[in-house]
Amino acid sequence: MTKKKDAALSAATEQKIEDFAEDLGKLLGHAQNKAEGWLGQRKQIVDYLEGIRNTASGLLDQLGHVSGTAAGKATRAYRQTAKTQPEEVVAKAKKATRELSAEARASIAAAQKKRWAKWRKERG
């Protein structure tokens with residue numbers, strides 16, 4: 001009698017194990033498919049970002065070459081015009097600086113001393 005009970009339990013247990021193994025297989029299959037899909041997306045993203053990086057690098061190289069050429073041209077142009085300035089331009093540039101008389105400088109110094117004394121008095 002014990003053999004019949006063991007056989008009946010084993011068949012039911014065996015069926016449950018098979019169902020569990022089947023479910024586990026499906027679950028692992030879905031997980032594997034998702035992981036492979038994510039890895040594929042990751043590779044696409046990496047390829048896309050590498051393309052952006054390469055394009056940006058090329059554009060920066062072009063910009064560096066262009067800006068270097070432009071800077072050289074501007075420097076040469078400045079040197080040529082700086083050597084041949086008319087006397088009027090030089091005279092105006094020298095007149096642009098302001099010169100204060102001794103009286104004006106003394107007046108400004110006195111005003112600054114007053115402000116300084118007032119500030120020190122307020123600070124205590």
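Points to keep in mind about this one:
- Cβ-to-Cβ counts within 10 Å put Glu18, Glu99 in ascending order as Glu99, Glu18, the fewest first.
- Under the Karplus curve 6.51 cos²θ - 1.76 cosθ + 1.60, θ = phi - 60°, whole-Hz ³J(HN,Hα) for the stretch 66-71, x wherever Gly or Pro sits: 5, 5, x, 5, 5, 5
- Our coupling estimate for the stretch 41-58, obtained by passing each phi through the Karplus curve with A = 6.51, B = -1.76, C = 1.60 and θ = phi - 60°, is 4, 4, 5, 5, 5, 4, 4, 5, 5, 5, x, 4, 4, 5, 5, 4, 4, x Hz, Gly and Pro reported as x.
The numbers here are math on the coordinates, done by the rules we state, and not lab data. Fair warning: this is a prediction, and the values are worked out from it, not measured in the lab. All Cβ positions, even for glycine, are placed from backbone atoms using ideal geometry, and neighbour counts span all protein chains on display.
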